[in-house]
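Okay, so here's the structure we're looking at.
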Amino acid sequence: MPEPASEIHARVLAAAADGRLPAPEVVGWDIFPWEVVDGALAPKTLAAPGPAAPREGEEGGTPCHVCAGVPSERIVWEDEDWILTHHGEPSGLPMVLTLWSREHLDAGDFDDDQASTFGRICNRLVRIVQGLDGIGRVHVNRWGDGSAHFHVWFFARPDGFEQIKGSFAVEWDAILPPVEEATWRADLHAVATKLANWGGHARA
Ligand SMILES: [Zn+2]
């Protein structure tokens, strides 16, 4: 069962007595849009437009790691058409999952049957994860700027924190100290088992 908000807050205070956690790696990324100018936070200047860098799994990009084979230890649940993965270790939010099509397709390329199945799995998964105690909401995100192989992210944010909302929940995933591994694995197992009640195979 995910931690209640009071336990998450206690872990934050144990990691940083004043509650101010270290800045995550993302602040150093080129795409991070903010910087400090004259002591105040300001948007970075927008660089001139240029050609798009190839994504993983498309011409000119690096080979698709999903088509090469997802490591079995990362698989939470799978069936013949879909693979649900985690990222190998817990992060700040209670649970972050990624659903991949088994076939190398991009968003918008599904036929109606594939689109229908995708919608049903999304609906079940959100209901299952949101049904765990301590989860406030599951945010479903598709970006696709890194990998050309279709994937959607599910960010489960904790209940009880008014700051951890909307797209900023993704930032808190990198800021908060990681969830205890045993808690995280137990929650993955619960989600995988419930999803497998509808079909496919639980692997976590
Ligand atoms: Zn692929």
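General observations
- Table column - 3J(HN,Hα) (Hz), segment 95-112, Karplus curve with 6.51, -1.76, 1.60, x for Gly and Pro: 7, 10, 10, 10, 9, 10, 6, 6, 7, 7, 10, 9, 4, x, 9, 5, 7, 5
- Residue exposure proxy: H151, H9, ordered by other Cβ atoms within 10 angstrom of their Cβ from fewest to most, comes out as H9, H151.
- Near the amide H of I135, within less than 5 Å, lie the amide hydrogens of D159, all on another chain or at least 5 residues away, with H placed in the peptide plane.
- Residue order for R55, R124, fewest other beta carbons within 10 angstrom first, comes to R124, R55.
- Nonlocal amide H pairs with W77, under 5 Å, H built at 1.01 Å: L84, R203
- Spherically averaged projected area of segment 14-56 from its Cα convex hull (nm²): 5.4
- Kirkwood hydrodynamic radius of segment 62-173, Cα pairs, Å: 14.8
- Neighbour-count ranking [beta-carbon atoms within 10 angstrom, fewest first] of F118, F32: F32, F118
- Rg/Rh (Cα only; Kirkwood hydrodynamic radius) as it applies to the chain: 0.99
- Distance from segment 118-174 to segment 77-109 (C-alpha centre basis), Å: 12
- Estimated distance in nm for a label pair at E80 and K44, the labels positioned 7 Å out from Cα along Cα-to-Cβ: 4.6
- For segment 65-75, backbone phi angles converted through the Karplus equation (6.51, -1.76, 1.60; θ = phi - 60°) give residue-by-residue couplings of 6, 6, 5, 6, x, 6, x, 4, 6, 8, 7 Hz, Gly and Pro being listed as x.
- Estimated 222 nm signal from helices in the chain, with DSSP H stretches of n ≥ 4 weighted -39500 (n - 2.57), rounded to 500: -8500 deg cm²/dmol
- Karplus 3J(HN,Hα) series, Hz, for segment 177-189 with 6.51 cos²θ - 1.76 cosθ + 1.60 (x for Gly, Pro): x, x, 4, 4, 4, 5, 5, 4, 5, 5, 5, 4, 4
Laboratory data are not the source of any read-out in this text; all were calculated from the coordinates shown. All values reported here derive from a predicted model rather than from experimental measurement. In this analysis, Cβ positions are derived from the backbone assuming ideal geometry, glycine residues included, and neighbour counts consider all displayed protein chains.
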